[in-house]
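One structure is given here, and the rest of the page talks about it.
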Amino acid sequence: MTEATMKKERPKQRPKHLDLLVIKQPAPAIASVLHRLSGAGLFLMLPLLIFLFELSLDSSLGFAMFKAFVGYPLVKLILIGLLWAFLHHVFMGIRILLSDLNIGTDIKPGQASAKAVIIISLVLTAILGAKLW
Amino acid sequence: MVKDIIVGAHYGLKDWLGQRITAAFMVIYTVIVLALLIGQEPLTYEVWYAFMADGFMRFFTFLFILSLMFHAWVGVRDIWMDYAKPTSVRLALHVITLLALLGYTGWAVSILWRL
């Protein structure tokens with residue numbers, strides 16, 4: 001079959017565009033977008049994390065300052081947000097590594113694992129976040 | 001006859017593989033370090049300092065820092081490649097990202113080497 005005849009057989013009523021705010025995304029798409037967002041967030045917050053690492057190892061005074069600093073509600077909130085980003089990024093990352101090995105790439109396990117990644121990350125963030133608050 | 005001529009800079013596979021190897025290394029590092037730290041409770045400054053200053057830990061933390069920066073470079077570069085279309089904007093963003101990551105690497109490694 002040539003390319004020209006293939007083009008003719010395409011259904012005429014195809015969506016001209018996909019409105020990302022209207023169409024419902026499947027779980028793997030949501031998990032994938034969150035993987036990118038969490039990665040970007042972790043990258044943007046790297047200076048904060050390196051700063052905290054430096055402060056915690058500077059001296060016993062620095063360590064005390066570190067503890068006081070991460071005790072501020074706003075800092076705590078940011079760090080719990082980063083905890084979620086880290087957890088989601090890691091669990092989705094493991095899913096990506098398994099996909100690379102052709103494990104769980106069918107529709108059913110693919111959707112189940114994407115949902116699991118989203119839910120486990122949120123639940124673990126809630127549990128650890130409550131513990132650290 | 002099919003003639004597939006592969007063109008390009010050929011860095012794609014290396015970056016793709018590198019991103020995955022660094023990811024696996026960082027997951028293993030994180031799990032081991034967390035397990036070791038949980039055994040060190042309560043975590044005082046002296047315990048934390050001695051833990052991070054240990055020779056083995058410094059070796060692996062150094063590798064973690066390098067892994068993180070390479071991993072972040074590939075990931076952030078992919079984001080710019082997807083969304084920043086004008087070449088000048090993309091180039092600028094690539095350079096800023098690269099400089100930031102190189103700076104972070106020096107900063108983080110210097111913390112480690114002061115211990």
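Some observations on this one:
- The protein assembly as shown - percent of accessible surface contributed by carbon and sulfur, probe 1.4 Å: 73
- Label-to-label distance for A:Gln13 and A:Leu37 is 3.3 nm, based on points extended 7 Å past Cα in the beta-carbon direction.
- Distance (nanometres) between label positions extended 7 Å along Cα→Cβ at A:Val70 and B:Gln40: 1.2
- Taking the square roots of five times each eigenvalue of the Cα gyration tensor of the protein assembly as shown, the equivalent ellipsoid has semi-axes of 40, 22, 18 Å, listed largest first.
- Applying D = kT/(6 pi eta Rh) to segment A:27-132, where Rh is the Kirkwood radius over alpha-carbon pairs, T corresponds to 37 °C and eta to 0.692 mPa s, the Stokes-Einstein value obtained is 217 µm²/s.
- Computed lengthening from A:Trp133 to A:Ile23, 0.36 nm per intervening residue step minus Cα-Cα distance: 35.9 nm
- Two-site FRET efficiency, B:Leu98 against A:Ile30, from Cβ-Cβ distance with R₀ of 22 Å, rounded to 0.05: 0.15
- Helix A:60-69 axis, angle to chain A major axis (alpha carbon atoms, nearest 10°): 50
- Scanning chain A for trypsin sites (Lys or Arg not before Pro) in DSSP loops with at most 14 neighbouring Cβ atoms within 10 Å leaves A:25-133 as the longest stretch between them.
- A versus B: buried accessible surface, summed, Å² (probe 1.4 Å, to nearest 100): 2200
- Solvent-accessible heavy-atom area per residue, rounded to whole Å², over the protein assembly as shown at 1.4 Å: 68
- Among A:Ile119, A:Ile23, A:Ile96, residue whose mean-square fluctuation peaks in a GNM of chain A (springs only between Cα atoms under 10 Å): A:Ile23
- Among A:Gln13, A:Gln25, A:Gln111, residue whose mean-square fluctuation peaks in a GNM of chain A (springs only between Cα atoms under 10 Å): A:Gln13
- Spin-label model, A:Leu52 to B:Val89: label points 7 Å out along the Cα-to-beta-carbon direction sit 3.2 nm apart.
- Rolling a 1.4 Å probe over the protein chains gives B:Tyr29 an accessible area of about 30 Å².
- Stretch gain in nm, segment B:Val27-B:Asp78, where the contour uses 0.36 nm per residue and the Cα spacing is subtracted: 16.2 nm
- Compared with the rule-of-thumb size 2.2 N^0.38 Å for a compact globular protein, chain B has a Cα radius of gyration ratio of 1.42.
The values are calculated or read from the model by the stated rules, or taken from the named source; none is laboratory data. Just so it is clear, the structure is predicted and the values come from calculations on it, not from any experiment. Counting neighbours? That spans all protein chains shown, and the Cβs are built from the backbone with ideal geometry, glycine included. Only protein heavy atoms, including side chains, enter the accessible area calculation; ligands, DNA and RNA are left aside. Shrake-Rupley method; radii C 1.70, N 1.55, O 1.52, S 1.80 Å.
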